[in-house]
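Peer 1: Pasting a structure below so you can have a look.
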Amino acid sequence: MTATPAAIRYVKPAKATNAFNEFVLKLTRLGVSVLGSRVLSVRGRKSGELRSVPVNLLKLDGERYLVAPRGVTQWVRNLRVAGEGQLSVGRRTETFTYTELADHEKPEILRAYLKRWKFEVGVFFDGVDAKASDEKLLEIAPGYPIFKIA
């Protein structure tokens, strides 16, 4: 089975994105969650070293999700190999496992994610927003890994 281009989609961050991420990472490490931000730490799949990035933790209907708006990023690849990660705000850290969602499960999550963070991540969705049809969200779903936190 060959991966489709959408399933291996990756958007490289711009310098401004890197600067913003560093700012959010520092605030979150200090205990200030920016609209639900967390520090995601995952063991590197090659180095074994702990790698950390800021992420938006989506809470929806009593469940928690991590969405990768830039596609198959390094943290996504590392999480898939490691099988677990850590989410932190300040000194509070929790270790988690996850279930990666199938594409048909993603539209509702993508809609909620865009509704909450479109101002921040909309550029990675090529004009698709929270008002998009389920069909459109299902069409783009392969390019956006989503993990349900256990």
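Peer 1: Scan segment 60-103 for residues that are among the acidic types (D, E) and under 22 Å from L114 (Cα atoms) and jot them down.
Peer 2: Within segment 60-103, D61, E63, E100, D103 meet the criteria.
Peer 1: So, in segment 122-132, how many residues would count as being in contact with a helix residue (DSSP H, G or I) (Cβ under 9 Å, 6 or more places away or on another chain) and outside any helix (DSSP H, G or I)?
Peer 2: 6
Peer 1: Among the candidates R43, R51, single out the residue that is without any contact (Cβ under 8 Å) to a residue 60 or more places away in the chain, among the basic types (K, R) and in contact with a Gly (Cβ under 6 Å, 6 or more places away or on another chain).
Peer 2: R51
Peer 1: While we're looking at this one, here's another question. So which of T99, T95 is more than 18 Å from V11 (Cα to Cα) and either under 14 Å from the mean Cα position of the chain (by Cα) or buried (at least 18 other Cβ atoms within 10 Å of the Cβ) (or both)?
Peer 2: One residue alone meets the criteria, T99.
Yes or no, residue by residue, for (1) farther than 20 Å from D134 by Cα; (2) in contact with a Phe, Trp or Tyr (Cβ under 6 Å, 6 or more places away or on another chain); (3) of a type outside the set (A, V, I, L, M):
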residue: G62; (1), (2), (3): yes, no, yes
residue: Y65; (1), (2), (3): no, no, yes
residue: P69; (1), (2), (3): no, yes, yes
residue: V72; (1), (2), (3): yes, yes, no
residue: R80; (1), (2), (3): yes, no, yes
residue: R91; (1), (2), (3): yes, no, yes
residue: E94; (1), (2), (3): yes, no, yes
residue: T97; (1), (2), (3): yes, no, yes
residue: E108; (1), (2), (3): no, no, yes
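Peer 1: Output yes when any residue across segment 61-72 is surrounded by 12 or more Cβ atoms within 10 Å (Cβ to Cβ) and over 12 Å from the mean Cα position of the chain (by Cα), and no when none is. Talk me through it step by step, then tell me what you get.
Peer 2: Here is the first cut: in segment 61-72, the ones surrounded by 12 or more Cβ atoms within 10 Å (Cβ to Cβ) are 64-72.
Cutting the leftovers down to over 12 Å from the mean Cα position of the chain (by Cα) gives us none.
Within segment 61-72, none of the residues are surrounded by 12 or more Cβ atoms within 10 Å (Cβ to Cβ) and over 12 Å from the mean Cα position of the chain (by Cα).
Peer 1: In segment 85-101, which residues are without any contact (Cβ under 8 Å) to a residue 40 or more places away in the chain and among the acidic types (D, E)?
Peer 2: Hit for segment 85-101 is E94, nothing else.
Peer 1: Ok, one more. Out of segment 12-54, which residues are exposed (fewer than 12 other Cβ atoms within 10 Å of the Cβ) and either in a loop (DSSP other than H, G, I, E, B) or in contact with an Asp or Glu (Cβ under 9 Å, 6 or more places away or on another chain) (or both)?
Peer 2: K12, A14, L30, G31, L35, K46, S47, G48, E49
Peer 1: So in segment 102-137, with the set limited to residues that are free of Cβ contacts under 8 Å to residues at least 12 places away in the same chain and of a type in the set (G, A, S), which one is surrounded by the fewest Cβ atoms within 10 Å (Cβ to Cβ)?
Peer 2: Of everything passing the filter in segment 102-137, G127 is surrounded by the fewest Cβ atoms within 10 Å (Cβ to Cβ).
Only the coordinates and a few stated rules stand behind these numbers; no lab work does. Everything numeric in this text was worked out from a predicted model, so none of it was measured. Quick reminder, even Gly has a Cβ in these numbers, built from the backbone with ideal geometry, and neighbours come from all protein chains shown.
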